[in-house]
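First comes the structure, then the notes that go with it.
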Amino acid sequence: DGNVHTNIPVNSDDYDMLQAAYAVVERIMALAQALDGVVSGEHGIGITKLEFLGDDEMQPFRDYKARVDPEGHFNKGKLLPGGDLAKAYTPSFSLLGTESLIMEQSEIGRISTMVKDCLRCGKCKPVCSTHVPRANLLYSPRNKILATSLLIEAFLYEEQTRRGISLRHFDEFNDVADHCTICHKCLTPCPVDIDFGDVSIRMRNLLREQGRKKFVPAKAAAMAFLTIKDPATIKLVRKLMIDWGYRAQRLAYRAAKALGMTRGQTRQPPATVGPPRLRSQIIHFINKPMPAGLPKRTARALLDVEDDKMVPVIRDPQKVSAPDYDGDAVFYFPGCGSERLFSQVALATQAILYEIGTQTVLPPGYLCCGYPQTAAGEADQGQAITTDNRVLFH
């Protein structure tokens, strides 16, 4: 009926099979033309059939294209000389572990496996904190997966052709990986259970391993604050960053709000592709006030249990020594956030446990669980912290 669809099934990573398929296509096309048939397609010619059409058949189209689109904006290069399969390249992901040394020695293979099942349904978009349609549409998990897949293809192509990896690809990897808060909210609505938070962590680790991870002073300062253990250093950094720093930021916020500097950026956020201009960074930093009313000291300092050679036990002596006492003993690991920064959280938790007669055992000294370091792409440091904690707790 003139609408017969014929496909030649091949394995895209089997070079000999592909060559045999091309030979079959050439025989079919030659036979069709010998029987006075024409080479056409239900949805257009495309690059696969272009080589079987002569210049006399294509010239009318090319003349029309030159007349209506002289600068070649529309479908650039398509159906023009050189637009056939001679320069086409389709990467095969099965080559990741066998032909590409970079892919074999890095996390590229694991990243591609983590995102390969994406259905492009977009159910992740409403819950993603970096999906801001007023600014740009590039950073929903779905679109970041598309970008990640394209970057993997670019890495693979350049490695297989032995032309070297373009440093621009690492810049784009940084851009995609930085647009994630590791909140993991995208996992719940995803029908194929892709957690782009975990993917972002893998990407950040890849960048660190390749020495291409972007240095951000604010991020480095935050990681240092969460990692240090010396009480005097924590007190100094907390005074500079949290006490004075937050106070200065709130002052700048009030001044900028009075001058109307932040109104435009909050109403219409700018696109976040690539590094922002300095002015945009400053306005973004002061467009919302940092929290006030934080405790002046850390929870551990307020309880006077900063000595890392002591295991603190918090309990109500009267309740614990009562004859009918049947309370529990719990181990409470406050973590760096609720112990160093939002101290009221740790204190409130311990107050509740104290009130109900529970004996609360605290870890010795200032500790971090290691997750902030892991989430930032410092997997080795995060794993070392976690291992040290496990040894200490057991």
- Message: What distance in nm lies between label points placed 7 Å from Cα along the C-beta direction at Tyr371 and Ile47?
- Response: 4.5 nm
- Item | Top of Lys116, Lys296, Lys76 by mean-square fluctuation, Gaussian network on the chain, Cα under 10 Å | Lys76
- For the chain, calculated [θ]222 nm from helices alone, where every DSSP H run of n ≥ 4 adds -39500 (n - 2.57): -14000 deg cm²/dmol
- Item | Lys, Arg +1 and Asp, Glu -1 on Cβ, resulting dipole of the chain about Cα centre, debye, nearest 20 | 2660 debye
- Item | Entries of Lys87/Lys125; Lys78/Lys213; Lys87/Lys214; Lys123/Lys213 with Cα pairs more than 32 Å apart | Lys87/Lys125; Lys78/Lys213; Lys87/Lys214
- Note on the structure: Taking the dipole of the range 93-209 about the Cα centre (Lys, Arg +1; Asp, Glu -1; charges at Cβ), the one of Gly197, His131, Ile152 that reaches farthest to the positive side is His131
- Task: Assign unit charges at the C-beta atoms only (+1 for Lys and Arg, -1 for Asp and Glu), then state the dipole size of the range 299-393 relative to its Cα centre in Debye, rounded to the nearest 20.
- Result: 60 debye
- Tell me which lysines have Cα within less than 25 Å of Lys229's Cα, excluding those fewer than 8 residues away on the same chain? Lys219, Lys239, Lys296, Lys309
- Query: So if R0 is 45 Å, what FRET efficiency would Thr266 and Thr349 give, r being the distance between their Cβ atoms, rounded to the nearest 0.05?
  - Reply: 0.85
- Most mobile of Arg120, Arg267, Arg300 in a GNM of the chain (Cα contacts under 10 Å): Arg267
- Note on the structure: Counting only Cβ distances under 4.7 Å between cysteines, those in the chain with no partner are Cys118, Cys121, Cys128, Cys180, Cys183, Cys190, Cys369
- Note on the structure: Extension length gain for Leu85 and Lys219 (0.36 nm per residue less Cα distance), in nm, is 43.6 nm
- Considering only Ile28, Ile286, Ile228, give the residue with the highest GNM mean-square fluctuation for the chain, with springs between Cα atoms whenever their separation is below 10 Å. Ile28
- Given unit charges at Cβ for Lys, Arg (+) and Asp, Glu (-), the dipole magnitude of the range 93-209 about its Cα centre in debye, nearest 20, is 480 debye
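Only the coordinates and a few stated rules stand behind these numbers; no lab work does. Note that this is a predicted model, so its numbers are computed, not measured. Backbone-built Cβ (ideal geometry, glycine too); neighbour counts: all protein chains shown.
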